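Below is one structure, written out as structure tokens; comments come after it.
The values are calculated or read from the model by the stated rules, or taken from the named source; none is laboratory data. Remember, it's a predicted structure, so these values are computed and weren't measured experimentally. Note: ideal-geometry Cβ built from the backbone for every residue, glycine included; neighbour counts use all protein chains shown. These accessible areas exclude ligands, DNA and RNA; they are computed on the full protein's heavy atoms, side chains included. Shrake-Rupley method; radii C 1.70, N 1.55, O 1.52, S 1.80 Å.
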Amino acid sequence: MAQSVIDRTAEKLELFGKVRELAKTKNVVILTHIYQRLEVQRVADYVGDSLMLSKQARETDAEIIAFCGVHFMAETAKLLSPEKKVLLPDIQSGCPMADMINVDDLRAFKKDHPGAPVVCYVNSSAAVKAESDICCTSTNAVDIVKSLNSSEVIFVPDKGLGEWVQYKLPEKKLHIYDGFCPTHWQITSAEVDKQRINYPEAVIIAHPECDPEVWRRADFVGSTSEIYKFVEESAGRKFIILSEQGLVARIQADFPEKDIATVFPLPLCPNMKYHSLENLYDAIDQEYTEIIIPEEILIPAKATIDRMLEISNQKQIWAGPNR
């Protein structure tokens, strides 16, 4: 006989309590990206986007960071807290966009545009960050590029976000690498047009990782945190959200009084769904999924994050929906 829904729910609640108790006992902070499963979001100390979680990683007093995100996010936490142990519950949780560029690719791209500073999207490996001048997230990309005293800038690896920054800063010349987020590029302009007809009163909100032909059709373009905050603060009730399923699910859960639609097929990042209460508990208990970064990469990569945060700290950082 199949296990009942009630039994499974009771098991989840028990495991939830065990994770929280173990984290407290071992002085572990759980950082979770908002694209994760809702159960993993609920058990976290902090939920947010890359910028907010980077800030928490740097400021935490915990001895261990359990990061429920993808590999580059856990690496970023390690860069900001190199003295701490950083765990990634499922080590295979990678990022296809980050895999689209390596150090050799970046060096070749730099040779094509000599003298231009390199702005590296946080969705990249520590090794690629180490070869860059400054990092950015989708929240602060425009501010980071604007801050550079250079008319030409190399932007890697996301062309969707790069084109958005170029649109916002026409006075700069961006040399944009041909990388992209396969999840956000599932969203087509034709599907957006169809949803505009289906929900004519809805506000269309897009993440800048989308195809530019998609975000050009949106009423508002913003990062994960900016999308969440826009819906939270808006007097409107109907929204079409063009971003990953985890963000859509969290907004639906937090704002049940609002009507949330998206596109079909629902954009879903499978790598973001590898983490569960089960492997999070095992990772904290056994500490077998530690992130290790060689010092020759760690030091220059950390510098790119530090430079980013020096600029971003002048702005308000999203506190995250859990806190």
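Numbers for the structure displayed
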{"quantity": "Count of residues meeting criterion [in contact with a Gly (Cβ under 8 Å, 6 or more places away or on another chain) and open to solvent by 40 Å² or more (accessible area, probe 1.4 Å)] in the stretch 93-138", "calculated": "1"}
{"quantity": "Qualifying positions in the stretch 79-90 - open to solvent by 20 Å² or more (accessible area, probe 1.4 Å) and either in contact with a Phe, Trp or Tyr (Cβ under 9 Å, 6 or more places away or on another chain) or not in a loop (DSSP other than H, G, I, E, B) (or both)", "calculated": "85, 90"}
{"quantity": "Single condition residue 229 does not satisfy, out of (1) under 23 Å from residue 186 (Cβ atoms); (2) open to solvent by 20 Å² or more (accessible area, probe 1.4 Å); (3) among the basic types (Lys, Arg)", "calculated": "(1)"}
{"quantity": "Residue in the stretch 223-235 that is modelled with pLDDT under 95 and more than 24 Å from residue 47 (Cβ to Cβ) present", "calculated": "yes"}
{"quantity": "Number of the exception - residue 145 against (1) in contact with a helix residue (DSSP H, G or I) (Cβ under 9 Å, 6 or more places away or on another chain); (2) not in a helix (DSSP H, G or I)", "calculated": "(2)"}
{"quantity": "Candidate set: the stretch 137-153, residues that are touching a Ser or Thr at 6+ places or on another chain (Cβ under 9 Å) and of a type in the set (A, V, I, L, M, F, W, C); chosen: the one farthest from residue 100 (Cα to Cα)", "calculated": "144"}
{"quantity": "Sole residue being in contact with a strand residue (DSSP E or B) (Cβ under 6 Å, 6 or more places away or on another chain), part of a helix (DSSP H, G or I), modelled with pLDDT under 95 and not small (Gly, Ala, Ser), chosen from 305, 284, 311", "calculated": "305"}
{"quantity": "Residue in the stretch 298-306 that is under 22 Å from residue 62 (Cβ atoms) and either open to solvent by 40 Å² or more (accessible area, probe 1.4 Å) or out of contact with any helix residue (DSSP H, G or I) (no Cβ under 7 Å at 6 or more places or on another chain) (or both) present", "calculated": "yes"}
{"quantity": "Sole residue being modelled with pLDDT of 95 or more and in contact with a His (Cβ under 7 Å, 6 or more places away or on another chain), chosen from 134, 154, 144", "calculated": "154"}
{"quantity": "Test: residue in the stretch 256-271 that is surrounded by 15 or more Cβ atoms within 10 Å (Cβ to Cβ), at pLDDT 95 or above and in contact with an Asp or Glu (Cβ under 7 Å, 6 or more places away or on another chain)", "calculated": "no"}
{"quantity": "Entirely in the stretch 180-270, the strands (runs of 3 or more DSSP E) that have 1 or more residues that are of a type in the set (Phe, Trp, Tyr) and touching a strand residue (DSSP E or B) at 6+ places or on another chain (Cβ under 6 Å)", "calculated": "238-242"}
{"quantity": "Leading residue by the ranking (modelled with the lowest pLDDT) among those in the stretch 287-297 that are outside any helix (DSSP H, G or I) and surrounded by 14 or more Cβ atoms within 10 Å (Cβ to Cβ)", "calculated": "289"}
{"quantity": "Residues that are farther than 16 Å from residue 85 by Cα, aliphatic (A, V, I, L, M) and surrounded by 15 or more Cβ atoms within 10 Å (Cβ to Cβ), drawn from the stretch 11-36", "calculated": "15, 19, 34"}
{"quantity": "Matching option when the condition is free of Cβ contacts under 8 Å to residues at least 60 places away in the same chain and buried (at least 19 other Cβ atoms within 10 Å of the Cβ), among 197, 241", "calculated": "241"}
{"quantity": "Counted residues, the stretch 168-216 - those being more than 29 Å from residue 104 (Cα to Cα) and of a type in the set (S, T, N, Q)", "calculated": "4"}
{"quantity": "Hits in the stretch 141-158 (condition: surrounded by 22 or more Cβ atoms within 10 Å (Cβ to Cβ) and either in contact (Cβ under 8 Å) with a residue 40 or more places away in the chain or under 19 Å from residue 181 (Cα atoms) (or both))", "calculated": "141, 144, 154, 155, 156, 157, 158"}
